[in-house]
Structure formats: structure tokens, C-alpha cells
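First up is the structure itself, then whatever we jot down about it.
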Amino acid sequence: MPHSETIVAGGGIAGLMTAISLARRGHGVTLIDRWEPGHARASSSDYNRVIRAIHGRDHFYTRWARDARLRWLELEQETGAKLYYECGTLILATEGHCHWEDDTAATFDALGVPYHRYSADEIRAFFPQFDPRNVSYALYEPEAGMIMAHRALIAGVALLRSLGGKVRRGRVTTDASERPMLDGKPLEADLVVIATGPWMAEMFPRTVKPLTTVVGVNVLYTSTPDGSEAFDQTHMPCWIDHGEGSFGLPSVEGSGVKAAVVIPDQIDLDNDERLIRQKTLARTRRYIDKRLPGLTGQRVVDSKFNQIVMTPDTHFIIDFHPEHRNVLLAGGCSGHLFKHGPVFGDFVAGIGLGDFGTPDRFRLGPRRKLSPAESPSGR
């Protein structure tokens, strides 16, 4: 495609990285979002996100994650902002339910991803923050860690502007034919990318809503003990604990330890307050008492209520609208898009500009729910 005018609706990580990639290729880009960059209602909000290559048997996403790590490091150098802390990620394999972790180890062996395998006794020795009860073993990925999510969005918008991109405030909607509209008029551009996260379902009730479910996730930040550095990112990794339906990140820049017990919760995107559910507070504290006993009795210092949009197979959506051939839909994050952000955006731009077609895994159309062993996200 010759140099063109493009519009990207949605300023979260998916839309922002797509806009940056389009601008790098010399195309005119306007990024439109309802709120200011990094706003707290977006799925891309919160202080930090885990980046790791752990994706079970799925080689595609594993390669993407490895590539994304390098691109985040490049973005850190380019923007001058601290975006990445490489504190490692620990995946705890529950006794009797280790299929996803077993497959991850086989994938890492095949692709040459560095990792270590630790027994329960070795977990106690190397990672004393964790009580490994009901854990068979753990995989530790040293070239993993966390992305500073909010800071990445702010730095990314500044980078987009420096590349000549425009940022505009506005709410993109659709008409009865699911054609994107702004201020009552159709969006006119050679390419229109819709990356509005969970809002895509209500914008495209025929095309996207049947493929997606929007759920809320409650996140707590717990204070570290007085005088202790044991739970800081310099001494503790991020972790994933599928047997407990949980994940977390160590304290960084004074945030406290982030932990989430994933209890899918309903949310009205436009009307609900972004406040943590009280029932989750007790459950998350019980999990912390069990898995991180050194934090027992510590106070919650912050909380976040995020939302994610899930597809049945947890694969992303990257495909053109069946009726509006210049409209490309990009999302379906299923909770694992942020870490892939730079690669995802470049891939979306490539599909939008006709460099290559949409892989089957990303197409619109019927999808089936995968078993936890099959799923790239382990869900």
C-alpha cells in the first residue's frame, strides 16, 4: 500500500503500538481515544504487567514473547523511560495438574528459551518468599519480568507524536451496519483499526460480541514488611500459580506486592465504579497467607479493578470486518496481550497494509473453548 492516511481507535497498548508501527512505516496516523492516555478505565491500565514466554505448547506466542522482550528493551532506550524490570518469572506447577507446565518446558527446550526447573525443596531454598505446599515443581524463566504498563502508555504516546502521529480525544461508535462513526459521521481513511478492547463487543454486536466475554479482575497491592527487601523486585520474581488461580508481581518503585486471585466478575463497562469487590479481599488475603506467609498481617496499600475480554480459545482477534473491508478489528486480549504489545502492533499494521494475511487463529468466526492443556494462556 502506498503511503496512506490511517485511523486507530483505542489508545491502549494494542492501538498505541499499532499506531506507532504505522507511523514508523511513513503512514499518516490519527489515534483516537475517549480519555487521556493511560486512563484508569482502560484494560491497559495499572502500574505493571508480567512479561514472560511461558505459553504451554504454543510455539507461536512463545516466539512472540521472546521478540517482544527485545522490543521493549529497544523502546526503553528509544524513549528514555524505565519500562522493563527483568526480575524473572516463576511458574508453580500444581501436584497432579502439571500438563501446561510440562508442555512449556518442552517448548522452551525446542526453542532454546533459558529456564531452570526447581523441586519443592529447591523453591524453598532459592525463593524463600514462597511456601510450595501442593506444588510439584516450578519453572523459572530468568529473562522475564515486568513491564511498567502506565508509564509505557505515556512514553508510547510521546513517541507516536514524535513520529508525526496525531492524538485526538473522541468516542468512536458504530451504526446499524457496524460501520465506525465519530461525531455522527463515518470514519474516512484508507485503513481504520479498531482496538477498543472490551468495548469492541458493544460496538460490533454481530461480529465480535458472539466471540467474546468481558470479565473483571480484582488486584491487591500488599505492603512489604518493615525493613525487609525480600519482596522487592531485586530479590523476588513475578509468579504464576495456576493451581490457585493466581498470579502476582513483586514490589517495584514502592508499589507493594501485587497479587490477584482470578475470580471472573461481571462489569458494566460504562456504569460500574472501578472499585475492588470486598469478597475478593478476604480470598486474596487467604491466598497470600498460604503462598506468601511472610506477608501475613501486612496491610493492603492499593487495589485495582481491571477488565479483560476473553475469547473461547484465548487467541487474539486480528481480522477485517466482513462488510467494511478497510476496517480491521484488533483485540481479544484474553489477559495476555500487554506483554506482546510491540509485536502485536507491528503484526496488526502488517495485516492492515496487506503485507500478509490473517492467520487462522486470529480470524473472526466460530471458535471452540480449549482445555487448559491446549490453551496458550493456560486457562
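Where a number appears in this text, it was derived from the coordinates with a stated rule and is not lab data. Everything numeric here is computed off the predicted structure, so don't read it as measured data. Here the Cβ is made from the backbone with ideal geometry for all residues, glycine too, and neighbour counts use every protein chain on show.
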Helix 59-79 vs. the chain, principal-axis angle (Cα, 0 to 90°, nearest 10): 80 degrees
Size of electric dipole in the chain: Cβ of Lys, Arg +1 and of Asp, Glu -1, about Cα centre, debye, nearest 20: 600 debye
Dipole of the stretch 126-187, positive direction: furthest Cα of Ala158, Phe130, Gly145, with charges on the beta-carbon: Ala158
Range in the chain, longest, excluding exposed chymotrypsin sites (Phe, Trp or Tyr not before Pro) [loop by DSSP; at most 12 other beta-carbon atoms within 10 Å]: 36-355
Sum of -39500 (n - 2.57) over DSSP H runs of 4+, divided by residues of the chain (222 nm, nearest 500): -8000 deg cm²/dmol
Along the chain, longest interval not containing exposed GluC sites (Glu not before Pro), exposed being DSSP loop plus at most 14 other Cβ atoms within 10 Å: 1-94
Within-11-Å neighbourhood charge of Ala53 [Cβ basis; K, R +1; D, E -1]: +1
Helix 13-24 axis, angle to the chain major axis (alpha carbon atoms, nearest 10°): 50 degrees
Value of relative contact order over the stretch 86-243, rounded to a whole percent, pairs C-alpha under 8 Å and six or more apart: 34 percent
Degrees, to the nearest 10: 99-111 long Cα axis against longest axis of the chain: 70 degrees
Selection from Ser43, Ile32, Ser4, by position along the positive dipole direction of the stretch 1-46 (Cβ): Ser4
Size of electric dipole in the stretch 1-143: Cβ of Lys, Arg +1 and of Asp, Glu -1, about Cα centre, debye, nearest 20: 380 debye
Base-10 log of normalised Debye intensity for the chain (one unit scatterer per alpha-carbon) at q = 0.06, 0.07, 0.08 Å⁻¹: -0.22, -0.30, -0.39
Cβ-placed point charges (K, R +1; D, E -1), dipole of the stretch 195-259 about Cα centre in debye, nearest 20: 540 debye
Residue with peak Gaussian network fluctuation, the chain [Cα springs, cutoff 10 Å], from Asp270, Asp360, Asp121: Asp270
